[in-house]
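A short reminder: the numbers here are calculations on the coordinates, not readings from a lab. These figures come from a predicted structure and were not determined experimentally. We place every Cβ from the backbone using ideal geometry, glycine too, and count neighbours over all the protein chains shown.
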Amino acid sequence: MLIATWNVNSIRSRLDQVQAWLTQQQPDVLCLQETKVADAEFPQAPFQALGYHCIFYGQKSYNGVAILSRDPVTVVSYGFGDPQWDEQKRLVHVQTQGLHIVNVYVPNGSDLNTDKYHYKLAWLTRLHYYLKPWVGEPLVVGGDFNIAPDDRDYYDPECAGGIMASEPERQALQKLLDLPLVDAFRQFTPDPGHYSWWDYRQGSFRRNRGWRIDHLYVSPAAQPQIRRCWIDPAPRRLEKPSDHTPVILEIEIPNS
DNA sequence: ATGGCCGCTATGAGCGGA
């Protein structure tokens, strides 16, 4: 079973690219972030035509998450199920093939010590509280975390301590990993220089000035089934790309 | 020191992203 995550920076702008990637890679599940579209406008038909069920939880202009799945899924939760936290559409949770899949779009946090930064930290605490009851089950938490877990995960050591690499953000992320969850990518690839996001500016992709901020985290009950986890840089090379590229997890699920 | 690019909006400049 292949489970992928991809921040597409507008599903409508990236429609052709996502369709092509689904056709080429044939993932069983694709978690999308920053769909930037209200549910009534979500482009379901093109994905259904490729054999995917569409679960979406979005809003106009900002944020928005979706899960495309070959097999039918049961929605466990749209958002946290908490009006105070669900004004921004950043989480959707489904169950399929005996597996829980939680798709998250963590706030970016703007700059250190801004209101948005504090919101990001609070959101991660809220996510920890949400995930706690589920970590005993086979669970994959995938998405755009907007945090580089350690110094291997960005191009320039000078990024240390800044936004996406600050101690409070890393501690909040570590609290999630202590639930526990494991970073599937790091089960296979210990070396630095593997990135999932490159700024649109300054030719960052061409110069490989990137960050690894999109992650697939797996609970203990599913860890023995992890087979591979890798980043596909190909979509980032296309004309009019998203600034993120997909991360893919292969997990052995009985009867799939 | 600043912004550099991209997508969005009851657009045409400003905001958010990371």
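The table below lists the values:
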{"read-out": "Under-5 Å amide H pairs with residue A:8, H placed in peptide plane, nonlocal only", "value": "A:33"}
{"read-out": "Calculated from backbone phi, Karplus (6.51, -1.76, 1.60) coupling profile of region A:36-48 in Hz, x at Gly/Pro", "value": "6, 8, 5, 4, 5, 9, 5, x, 6, 4, x, 7, 4"}
{"read-out": "Choice from A:46, A:233, A:138 with maximal GNM fluctuation in chain A (Cα, 10 Å cutoff)", "value": "A:46"}
{"read-out": "Among A:27, A:78, A:88 the positive-end extreme of the charge dipole of region A:2-251 (Cβ point charges)", "value": "A:27"}
{"read-out": "Loop-exposed chymotrypsin sites (Phe, Trp or Tyr not before Pro) per DSSP, neighbour cap 14 Cβ within 10 angstrom, longest uninterrupted part of chain A", "value": "A:63-187"}
{"read-out": "Positive minus negative residues near residue A:238 (Lys, Arg vs Asp, Glu; Cβ under 11 Å)", "value": "+2"}
{"read-out": "Cα lying deepest toward the dipole's positive end in region A:2-251, options A:155, A:105, A:233, charges on Cβ", "value": "A:233"}
{"read-out": "Calculated diffusion of region A:43-192, Stokes-Einstein form, Kirkwood radius summed over Cα pairs, 10 °C and 1.306 mPa s, µm²/s", "value": "96"}
{"read-out": "Of A:190, A:217, A:248, farthest towards positive along the dipole that unit charges on Lys, Arg, Asp, Glu beta carbons give region A:139-256", "value": "A:248"}
{"read-out": "Amide H within-cut-off set for residue A:227, under 5 Å, with H built and near neighbours excluded", "value": "A:250, A:251, A:252"}
{"read-out": "Qualifying trypsin sites (Lys or Arg not before Pro) in region A:1-110, DSSP loop, other Cβ atoms within 10 Å at most 15", "value": "A:12, A:60"}
{"read-out": "Rounded FRET efficiency, nearest 0.05, which uses the C-beta distance separating residue A:40 from residue A:150 and R0 of 41 Å", "value": "0.50"}
{"read-out": "Helical contribution to [θ] at 222 nm, DSSP H n ≥ 4, -39,500 (n - 2.57), averaged over chain A, rounded to 500", "value": "-5000 deg cm²/dmol"}
{"read-out": "Residue-by-residue Karplus 3J(HN,Hα) for region A:185-195, coefficients 6.51, -1.76, 1.60, Hz, glycine and proline x", "value": "4, 6, 5, 10, 10, x, 7, x, x, 10, 10"}
{"read-out": "Label-point separation, residue A:167 to residue A:60 (7 Å along Cα→Cβ), nm", "value": "4.3"}
{"read-out": "Residue A:113-residue A:206 pseudo-label distance in nm [points 7 Å out on the Cα-to-Cβ vector]", "value": "3.7"}
{"read-out": "Theoretical gain in end-to-end length, residue A:187 to residue A:232 [0.36 nm per residue, Cα-Cα removed]", "value": "14.5 nm"}
{"read-out": "Coil-residue GluC sites (Glu not before Pro) of region A:172-256, DSSP, other Cβ within 10 Å capped at 14", "value": "A:239, A:252"}
{"read-out": "Cα centroid of region A:184-256 to Cα centroid of region A:133-153, whole Å", "value": "12"}
{"read-out": "Magnitude of the charge dipole, chain A, Cβ model with Lys/Arg +1 and Asp/Glu -1, debye to 20", "value": "380"}
